[in-house]
Amino acid sequence: MTFTFRGKKLATAVAAVAMLSAINAHAGGTISFGEDKSVSVGFGMRGSFNGVENGAPNGTSNSYNFSLDSARIYLSGSLNKNIKGMLNTEKDIAGEGFQAIDANVQLAFSPELTVWVGRFLSPSDRANMAGPYYSLGGGYWSGIASRYGYNGGYIGRDDGVAVVGNLMDGKLGYSFGLFEGYTEFKIAPPPASSNSANQTGADGPMYAGRIQYDFWDAEPGYYGTGNYLGGKDILAIGIAGRSQKNGAYSAVATGNYRSYSIDFLLEKKDVGPGALSIEAAAYNYDTGDVYLSEQGTAYSTGVGYIFNQKVGWGQFQPYVRYQRFTPDNNIDTSRYDLGVNYIIDGYNAQVGGYFSKQDVTGTDNVNAINVAVQFQF
């Protein structure tokens, strides 16, 4: 059996909400120092209790584990109506300290043009921009189809600069940027120096971009959400790509890195007693044959339904999701998730349970029952 508590991004500052997605973000508190001057602080966590069939060291008994999967502190500020900033942290792998995952400044020249500078999520697919806190069931974080969460440097973050904006009454969103890149494809440690024999060619930036069009309600902002919990009518298609010359290298080889994706989200209110959501995405990853285990194609799809009627404190949202990654080393990974969320306060308070079945070529299926809890303040 498995019970899981997990974590993801919160748009913490009330002052910066307009520059992030139009999602149900929550700030713990805001101190104002005058017109358009403020500092906000908040925190969030996701944790889990997991029980996996035959997951014990002896290979025959079930394993049962508690885990604090994420603990974050969110800080943000507003210097004036044109200059905002954020500093968000995440507990390190050992759980003994915190590391900066977002540390950036946003310069808003107009509603159509904002420049982000520092460390943040580089443009990519909807799942990565939403992350586990704002995905349907938090499922992308298993890193099967959307592989930026773990491979992408600092929990998908990278250091760089990007132009971000929304056109056509907010329905056409765009983001393009230049990034360090070697942290983005973090499969192995980088060479000791740029003169190492295993790294060849120019030390150039990674180029990343995303374009999205919303046919129904607009989704303004940069960081996104994978599901609006019945709050909007969404019909959106997004295309994203990344490229870096010599951006994938190991101890013995160097290759160009490229990735491309297309994602789709449909969410419709008032479908019977609730709202229906359908999502899908397809991916292509290319590492120049340096890492065959990370080079290949992937896709995911999910369906969710949230009931309008509250039961006790919240609403029920059953869902099903499927992911598959087919790499060039011929070791495929696929996963099914079937679960239900209990939505107490949007993405600020949720409890969820799901059954998962994961299959990796050449190994036995891994069956688990999971329970997840998420809170953001």
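Throughout, read-outs are computed from the coordinates displayed, never taken from laboratory work. Please read all numbers here as calculations on a predicted model, not as lab measurements. Cβ placement follows ideal geometry from the backbone for every residue including glycine, while neighbour counts extend to all protein chains displayed.
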Sequence-separation-based contact order of segment 17-376, relative, with Cα cut under 8 Å and 6+ spacing, percent: 14
Radius of gyration and Dmax over the Cα atoms of segment 89-135, both given in Å: 13.7, 42
Neighbour net charge for residue 323 - beta-carbon separation under 10 angstrom, K R +1, D E -1: +2
Rg/Rg_globular for segment 241-287, with Rg_globular taken as 2.2 N^0.38 Å and Rg from C-alpha atoms: 1.95
Too-long pairs where the Cα-Cα distance tops 23 Å, listed order kept, from 91/310; 232/310; 171/269; 171/245: 91/310; 171/245
Principal axis dimensions, largest first and in whole angstrom, of segment 17-376 by Cα: 57, 55, 42
Segment 358-377-segment 65-98 distance, computed between alpha-carbon centres (Å): 25
Packing-based order for 127-136, 64-73, using average beta carbon neighbours within 10 Å, highest first: 127-136, 64-73
